[in-house]
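Scroll down for the structure; my scribbles are underneath it.
The values are calculated or read from the model by the stated rules, or taken from the named source; none is laboratory data. The shown structure was predicted, so the numbers you read here are calculated from the model rather than taken from an experiment. Note that we place each Cβ from the backbone using ideal geometry, even for glycine, and neighbour counts take in every protein chain shown. Just so you know, the surface numbers come from the protein's heavy atoms only, side chains and all, with ligands and any DNA or RNA stripped out. Shrake-Rupley method; radii C 1.70, N 1.55, O 1.52, S 1.80 Å.
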Amino acid sequence: MTSKDKKSQSTNPGIVESRISKVIRDISPYSVPDIDCRIKLDGNESPFGLPEQVQVKVDDALKKLSINRYPDPEAKKLIELISKVSEFPEEGILLGNGSDELIGMLITTLTSGTGKILCPAPTFSMYKLTGLAMGGQVIEVPLDENFDIDLDSTLSIIEENDPDLIFLASPNNPTGNMYNAGKIAEIISVAKGIVVVDEAYSDFSGYTFLPLIKECENLIILRTLSKVGFAGLRLGMLFARENLVAEINKVRYPYNINSLSQCVAEVVLDNHEFVVENIQLIIRERARVFNVMSSLDRIAVYPSDANFIFFKAENADSLFSQLVQKDILIRNFNKPGRLENCMRVTIGTPEENDAFLAALTEILSS
Ligand code: PMP
């Protein structure tokens with residue numbers, strides 16, 4: 001061993017402690033269990049691939065792509081199409097490598113007031129994880145007994161702390177419910193900071209706050225293509241007033257939407273009738289799965305406005321492993337506190353849902 005090697009060995013552990021904040025050292029990374037099952041109902045993805053005629057168009061478009069070139073840095077054509085489909089002005093749209101990236105861009109740009117970020121709990125974990133990693137102070141407000149916003153405590157925390165950013169996922173993940181729209185509107189009108197309504201699942205609730213941006217300068221909407229058939233593209237969308245988008249755009253990495261994603265998303269949005277049909281099918285299947293699950297003993301099932309169903313079991317860990325043994329993967333949230341024995345199952349194809357319901361019925365009646 002040379003003296004240089006010895007030096008690097010003895011100083012390396014110190015680098016972690018001295019150069020990386022305790023906050024980051026204490027964070028657990030966002031993790032997805034690596035379990036391979038034939039029926040995958042854990043990730044809130046769509047179970048449907050591309051129809052044959054759209055696949056052909058995608059293949060043709062990809063063949064013409066110059067992969068040696070950088071993508072369009074502004075993804076202009078894609079933004080034009082999203083503007084058309086959403087009926088929202090192009091200047092008010094910003095794209096991210098998944099809405100995960102947009103959450104990071106929002107926290108980078110918009111936490112220079114009090115540095116405080118407010119979100120209900122339980123909710124999507126990336127608000128807290130990214131907020132902490134970027135040096136923010138995250139305040140969590142427990143949801144009420146129906147997993148709706150506790151308006152009184154939320155409003156008093158807003159008044160006391162004046163958060164720069166408030167994240168409200170509606171429908172919420174993992175609980176599946178929309179928050180009361182009046183409560184969201186009240187928070188938007190009271191907050192002096194920015195309110196982000198994360199509508200990752202709004203295609204399954206049929207409700208959107210998008211038109212309210214005209215009236216509210218502090219409202220930002222997040223959407224994603226991940227839940228409606230295109231999780232692999234990593235395409236998140238932000239909608240807001242033009243002046244906000246212009247500022248957030250300054251922290252966007254160059255070429256953040258790669259050319260393959262731009263190319264495929266353009267074809268898909270140009271031919272999106274099948275996406276709408278698939279959403280309708282998921283909504284119908286959600287009602288069927290909910291009805292069967294609600295008829296079973298030994299689980300409590302919560303109503304859903306999303307593409308998944310949240311439920312509580314007697315012993316989530318045991319139910320999870322028994323389902324895995326039957327080649328079915330769902331999401332186990334079991335941890336002490338509000339999520340004790342809580343689980344989430346994504347709505348799949350009718351055949352996948354049948355298999356899940358049959359397995360669940362058998363396990364619960366044994
Ligand atoms: N917001 C919510 C509420 C989510 O549940 C998810 C995905 N789990 C995301 C955002 C991230 O979506 P994307 O795949 O676009 O990064």
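Some values worked out for this structure:
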quantity: Residue-by-residue Karplus 3J(HN,Hα) for region 46-60, coefficients 6.51, -1.76, 1.60, Hz, glycine and proline x; calculated: 7, x, 9, x, 7, x, 3, 5, 6, 4, 4, 5, 5, 4, 4
quantity: Of the trypsin sites (Lys or Arg not before Pro) in region 58-97, those whose Cβ has at most 14 other Cβ within 10 Å and which sit in DSSP loop; calculated: Lys64, Arg69
quantity: Rounded percent of accessible protein surface that carbon and sulfur make up, the chain, 1.4 Å probe; calculated: 51
quantity: Shape call, the chain: gyration tensor on alpha carbons, a/c limit 1.5; calculated: rounded
quantity: Distant-in-sequence amide H partners of Asp150 (H built 1.01 Å from N, under 5 Å); calculated: Asp144
quantity: Interchain or long-range residues, amide H under 5 Å from Phe333's placed H; calculated: Cys342, Met343, Arg344
quantity: Beta bridges by DSSP in region 66-270, antiparallel share as percent, to the nearest 5; calculated: 35
quantity: Nearest-0.05 FRET efficiency for Glu140 and Glu242, computed from C-beta distance (R0 41 Å); calculated: 0.80
quantity: Trypsin sites (Lys or Arg not before Pro) within region 261-303, DSSP loop, no more than 15 other Cβ atoms inside 10 Å; calculated: Arg298
quantity: Inter-label distance, nm, simple model (7 Å from Cα along the C-beta direction), Asn68/Ser112; calculated: 4.2
quantity: For the chain: relative contact order, % (alpha-carbon pairs under 8 angstrom, 6 or more apart); calculated: 22
quantity: Sequence-distant lysines (8 or more away, or on other chains) whose Cα lies within less than 22 Å of Lys214; calculated: Lys84, Lys183, Lys192
quantity: In sequence order, calculated HN-Hα J values of region 129-134 (Karplus, 6.51, -1.76, 1.60; Hz; x Gly/Pro); calculated: 4, 5, x, 5, 4, 9
quantity: Where GluC sites (Glu not before Pro) in DSSP loops with at most 15 other Cβ within 10 Å are excluded, longest remaining stretch of the chain; calculated: 218-313
quantity: FRET efficiency, Ser86 to Ser18 (Cβ-Cβ, R0 35 Å, nearest 0.05); calculated: 0.15
quantity: Per residue, in Å², the accessible surface of region 66-270 once ligands and nucleic acids are set aside, probe 1.4 Å; calculated: 42
quantity: Per-residue ³J(HN,Hα) for region 351-366, Karplus 6.51 cos²θ - 1.76 cosθ + 1.60, θ = phi - 60°, Hz, x for Gly and Pro; calculated: 5, 5, 5, 4, 5, 5, 5, 5, 5, 5, 4, 5, 5, 6, 9, 8
quantity: Helix-only mean residue ellipticity at 222 nm for the chain, each DSSP H run of n ≥ 4 adding -39500 (n - 2.57), per residue, nearest 500; calculated: -13000 deg cm²/dmol
quantity: Alpha-carbon centroids, region 34-70 and region 275-333: separation in whole Å; calculated: 25
quantity: Residue among Ala133, Ile194, Thr349 farthest towards the positive dipole end of the chain, charges placed on Cβ; calculated: Ala133
quantity: Ala169 long-range amide H proximity, modeled H, under 5 Å; calculated: Asp198
quantity: Antiparallel %, DSSP beta bridges [both residues in the chain], to 5; calculated: 50
quantity: Residue-normalised accessible area of region 276-322, expressed per residue, 1.4 Å probe, Å²; calculated: 48
